[in-house]
Amino acid sequence: MQVTIVGLPGSGKTTVFNALTGGHAETGGYSGGRAAPNVSVVKVPDERVDRLAALFAPKKTTYADVTYVDVAIPAGAARDGTINPDALGQMRTADALLHVARAFDDPATASHADPWRDVDDLDLEFTVADLSVIEKRLEKLKTQGRHGSQAEREQAQREEELLRRVEPHLSDGRPIRSFGLTADEELLLRGYRFLTQKPVLVVLNVDEARLPEAPTLEATGRERYVQPHTDVAALAGKIEAEIAELGEDDARLFMDDLGISEPSRGRVIRLTYELLGLFSFFTAGEDECRAWTLRVGSTAVEAAGAIHSDLARGFIRAQVIGVDDLLHAGSMAEARKRGTLRQEGRDYLVKDGDVIEVLFNVGR
Ligand SMILES: Nc1nc2c(ncn2[C@@H]2O[C@H](COP(=O)(O)OP(=O)(O)O)[C@@H](O)[C@H]2O)c(=O)[nH]1
Ligand SMILES: [Mg+2]
């Protein structure tokens, strides 16, 4: 899963990136031109994996992971023109956007925080960028007509018809997220990787002094930002970036002092999973204990396919047990005796926390 951090210059993107990844990327320094994004892969903290590993003592323990990309947006870019194509490209490949807004007063410029004005500004840029993709596509269809097989031409026609309906929605300044696409329509537009179609977590980056207000800021933010597939979280990026550099004990003391119950890195991942409709299932044994990520509504055969295509192709059935039941039983054999290990077919809807063993035919 790739989460791309966006936000106006100086909103604290790189600071939040450091807080989420424990990184040391340079903050406050970027003024324009081409710049490589900061990229970091972090494992998804999951105590269920830890407990499975404690039980099986496997050779290898593998967590799910999230790739964070911190895009450099040149100062002024989002206000007086378009965001450069490199940055746009880095945003388009994201599964979700993390939109950082400055909710701290900037002592350097004495500029007051107005996070929702900033969010609206950048959202408008994204809307304009999506609109221009549609306009170019429609223009191309008009001048070049449609090519290919009959099926391809029909597909292009459906696409064009949908783009014509989405266009005025965007021209009104509304994101594709709130258009109400059907599942089929969503599929039809997937290739365009529209920015305003992506799930968004808005992160209000507050000063540590305003941390006590965080729950209120989040609640009022959610009332204001009422699009589907969006959520709002408030966090103190700068202090959390400092905490991310500390050892566990020092971090704990520091957080107790500030009244932070958990570092945001775990919470942000959870909220992103919820936004994207993701959950985890596990495989567990003496070789490896491992977390896998699926979309809500996935079946046992899709879970098998996430592990390896051979397992999906030769799928016979799955042995399934909830992670807590397995941990209580202490072994698969004991779980079988207790009757908590179930046999499930290919259409079984996998649940968060299922431990799965796939039985499959080799070479089918
Ligand atoms: N007071 C305060 N300053 C912050 C906070 N987050 C970031 N900053 C400062 O704001 C400036 C810009 O931060 P940076 O992460 O580089 O923003 P970016 O341009 O969006 O990547 C830096 O000087 C940061 O130290 C915060 O939560 N509180
Ligand atoms: Mg930056």
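The values are calculated or read from the model by the stated rules, or taken from the named source; none is laboratory data. The shown structure was predicted, so the numbers you read here are calculated from the model rather than taken from an experiment. Methodologically, a virtual Cβ is constructed for each residue, glycine included, from the backbone with ideal geometry; neighbour enumeration extends over all protein chains shown. We work out accessible area using only protein heavy atoms, side chains counted, and drop any ligands, DNA or RNA first. Shrake-Rupley method; radii C 1.70, N 1.55, O 1.52, S 1.80 Å.
Here is how the numbers come out for the structure above:
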| item | result |
| --- | --- |
| Estimated [θ] at 222 nm from DSSP helical runs (n ≥ 4, -39500 (n - 2.57)) normalised by residues in the chain, nearest 500 | -13000 deg cm²/dmol |
| Whole-percent carbon and sulfur share, accessible surface of segment 2-275, 1.4 Å | 50 |
| The chain - share of DSSP beta bridges that are antiparallel (%, nearest 5) | 50 |
| Cβ charges +1 (Lys, Arg) and -1 (Asp, Glu), total dipole of segment 240-364, debye | 1080 |
| Computed magnitude of the charge dipole of the chain (debye, nearest 20; Cβ of K, R +1, Cβ of D, E -1) | 1500 |
| Solvent-accessible area per residue, Å², over segment 206-364 with all protein chains present [probe radius 1.4 Å] | 53 |
| Ranked by how many other beta carbons lie within 10 Å on average, peptides 2-9, 355-362 from highest | 2-9, 355-362 |
| Spin-label model distance (nm) - residue 246 vs residue 361, 7 Å beyond Cα toward Cβ | 5.9 |
| Sites residue 47 and residue 110, calculated FRET efficiency, Cβ-Cβ separation with R0 56 Å, nearest 0.05 | 0.80 |
| Potential lengthening between residue 137 and residue 154 on full extension [0.36 nm per residue; Cα-Cα distance subtracted] | 4.5 nm |
| Model label zone, residue 120; criterion: amide N under 17 Å from point 7 Å along Cα-to-beta-carbon; scope segment 161-188 | 171-175 |
| Cut-off under 5 Å, modelled amide H: who pairs with residue 316 long-range | 359, 360, 361 |
| Protection proxy ranking, peptides 194-206, 61-73, average beta carbon neighbours within 10 Å, highest first | 194-206, 61-73 |
| Over 25 Å between alpha carbons, listed pairs 43/238; 43/198; 13/60; 13/136; 13/198; 43/351 | 13/60; 13/136 |
| Charge-dipole axis of segment 2-275 as Lys and Arg at +1 and Asp and Glu at -1 on Cβ define it, positive-most pick from 261, 72, 107 | 72 |
| Electrostatic dipole magnitude of segment 297-360 [Cβ: Lys, Arg +1; Asp, Glu -1; Cα centre; debye, to 20] | 240 |
| Leading residue at positive end of dipole, segment 297-360 (Cβ point charges), from 322, 360, 309 | 360 |
| By average C-beta atoms within 10 angstrom, highest first, the peptides 232-243, 248-259 | 232-243, 248-259 |
| Over the chain, relative contact order from alpha-carbon pairs under 8 Å, at least 6 apart, % | 19 |
